[in-house]
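The values are calculated or read from the model by the stated rules, or taken from the named source; none is laboratory data. Computed from a predicted structure; not experimentally measured. Backbone-built Cβ (ideal geometry, glycine too); neighbour counts: all protein chains shown. Accessible surface is based on the protein model in full, side chains and every heavy atom, while ligands, DNA and RNA are left aside. Shrake-Rupley method; radii C 1.70, N 1.55, O 1.52, S 1.80 Å.
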Amino acid sequence: MNGTLVPKLSTRIGKHWVLWYEKSNTYSVVDTQFKETLDRYFRSTSPIDFQKIIHNGHTQSDRDTALKKIKDYLTACNFNATSKRLLHIKRDCSYRNIKVNYVINSVSITVYYDSERVKSLVHPQIENFKVDESEGAKVIFDIYLADNKLYLFKNEVCLVERPKYEFHFISGKFVMHIINEIHHKKESDWIGTFHGSTVTDNQTSILFIGNSGSGKSTISSLLVANGYYLLADDVSPMLADNKAIYYNPNGISIKEGAANVLRPIIKDFDTLPVVDFNRSKGPLRYHSCPKPPKNYYPCKSVILVNYKKDTETELKEISIDEILQTLIPESWFSHNEKNAQSFLNWLSATKFYKLTYSENNTMLDLISKVFNTQANY
């Protein structure tokens with residue numbers, strides 16, 4: 001069979017296998033039965049040979065279906081990853097209408113925006129790091145909108161060019177480069193940036209994931225109000241070398257639906273910076289939080305968050321497939337094999353939970369118990 005379709009890495013976690021396909025940088029979760037069938041397929045010399053191997057107890061129709069399922073699966077897992085495109089676009093200085101200086105982790109950064117609307121893409125998330133003057137900025141960003149396209153430049157090099165409606169690519173790339181600068185890292189140093197919020201008790205950390213509106217930001221805000229530290233909101237970067245999540249300076253993004261819960265516990269809530277660039281999501285408020293004592297912490301648990309009104313609060317362990325169905329689609333992962341192996345190693349040593357909640361105090365007690373438990377492993 002075609003050996004180029006074989007997953008480059010595989011790890012068994014509980015009753016499932018996590019496979020990594022290098023060609024597409026794709027992670028796939030399969031059960032043991034499917035993994036055994038896949039192994040038989042790759043041991044076969046031809047499709048006919050594979051059908052002979054699975055002959056016992058199966059009709060010809062069953063064997064044809066099994067063969068098609070394997071072929072379709074491998075085709076989906078081995079699509080060509082989009083190659084990185086170098087953007088040879090010259091920066092236009094005429095869009096430098098607004099200049100803002102920041103100092104984050106002692107790193108001086110200057111950002112030029114063309115308008116208040118474009119400024120609202122990233123500034124409210126890091127507004128508390130603004131300074132009046134910054135001498136000798138290490139890095140200079142330009143972000144502007146021209147001909148309905150958004151552009152992001154770093155030290156005159158164009159990093160991203162996207163249609164206006166794909167603004168999240170701009171803000172995501174900007175955050176990644178800010179993280180690189182303040183931690184003195186390169187993009188190739190990271191396992192990935194997880195779409196989730198990470199909170200620490202100054203010993204270990206927990207990554208909270210979930211769909212939009214699931215309650216991640218509410219949980220983060222409540223934990224911060226109860227003595228914990230926000231390590232990263234929305235974009236949680238994990239380093240390959242130590243498999244720890246690093247500090248992301250962005251504030252917590254709060255949707256209007258959480259306002260009634262958080263207004264009483266966040267000082268001057270109604271004066272928080274507001275972003276209204278994405279009209280479909282509505283306005284977001286950004287709550288700046290105290291920086292944790294350290295820049296990074298080991299992450300030993302992932303909690304899939306699911307807020308349900310008037311439901312009983314429950315925390316239970318779940319399998320890896322439920323976690324990766326939510327974690328993978330909106331996260332960025334390194335294409336480096338060594339980093340991919342580090343990710344699989346981290347998954348093997350991590351606990352996975354699903355939290356369904358509606359009542360905050362019970363929810364906080366359960367999360368506190370997770371922190372106490374993981375301090376011992």
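Seen from Arg263, the other residues with C-beta closer than 14 Å to its C-beta sum to a net charge of 0, counting Lys and Arg as +1 and Asp and Glu as -1.
Pop the C-beta distance of Glu127 and Ile54 into the FRET formula with R0 = 56 Å and round what comes out to the nearest 0.05. For R0 = 56 Å, the calculated efficiency reads 0.40. How many angstrom lie between the C-alpha centres of the range 313-332 and the range 102-123? Measuring centre to centre over Cα atoms gives 33 Å. For the chain, a simple Cβ point-charge model (Lys and Arg +1, Asp and Glu -1, everything else neutral) yields a dipole of about 660 debye relative to the Cα centre. Can you give the percent of C-alpha pairs in the range 109-218 whose distance is more than 18 Å? I get 59 percent for the Cα pairs in the range 109-218 exceeding 18 Å.
Cβ-Cβ distance of Ala375 and Gln33, R₀ of 35 Å, FRET efficiency by 1/(1 + (r/R0)^6): the value works out to about 0.40.
Between the Cα long axis of helix 360-374 and the first principal axis of the chain there is an angle of about 60°, rounded to the nearest 10. Between Lys267 and Lys294, the modelled label-to-label distance comes to 2.8 nm, taking each label 7 Å out from Cα in the direction of the beta carbon. Applying a DSSP loop filter and a limit of 13 other Cβ atoms within 10 Å to the chymotrypsin sites (Phe, Trp or Tyr not before Pro) in the range 60-136 leaves Phe79.
With a simple spin-label model that places each label point 7 Å from the Cα along the Cα-to-Cβ direction, the separation between Ser348 and Val274 comes to 5.1 nm. Rounded to the nearest 10 degrees, the angle from helix 32-43 to the longest Cα principal axis of the chain is 70 degrees.
Take the range 41-141 with all the other protein chains still there, run a 1.4 Å probe, and you get 62 Å² of accessible area per residue. Compared with the dominant Cα axis of the chain, that is its longest principal axis, helix 167-183 is turned about 80°.
What FRET efficiency, computed as 1/(1 + (r/R0)^6) with R0 = 56 Å and r the Cβ-Cβ distance, is obtained for Arg43 and Ile89, rounded to the nearest 0.05? My answer for the efficiency is 0.70.
Between Lys316 and Glu330, what is 0.36 nm times their sequence separation minus the Cα-Cα distance? Round to one decimal in nm. Length gained, Lys316 through Glu330: 2.7 nm. Only protein heavy atoms count here; on that basis, with a 1.4 Å probe, Ser61 has an accessible area of about 70 Å². Here's the picture: charge each Lys and Arg Cβ at +1 and each Asp and Glu Cβ at -1 in the chain, and of Val18, Ser61, Gly251 the one pushed furthest to the positive end of that dipole is Ser61.
Annotation: extensible slack from Asn202 through Asn361 equals 55.1 nm (criterion: 0.36 nm per residue apart, minus Cα-Cα distance).
Over the range 222-328, what percent of the accessible surface lies on carbon and sulfur atoms, probe 1.4 Å?
Solvent-exposed carbon and sulfur of the range 222-328 make up 44 percent of the total.
Model label sites at Tyr165 and Ala259, defined 7 Å from Cα along the beta-carbon direction, differ in position by 2.7 nm.
The stretch between Lys69 and Val139, if pulled fully straight at 0.36 nm per residue, gains 20.2 nm over its current Cα-Cα span.
Computed with a 1.4 Å probe over protein heavy atoms only, the accessible surface of the range 206-256 comes to 26 Å² per residue. Note on Arg96: accessible area approximately 70 square angstrom, rounded to 10, probe 1.4 Å, nucleic acids and ligands left out. Near Ser220, once Lys and Arg are set to +1 and Asp and Glu to -1 for all other residues with Cβ below 11 Å from its Cβ, the sum equals -1.
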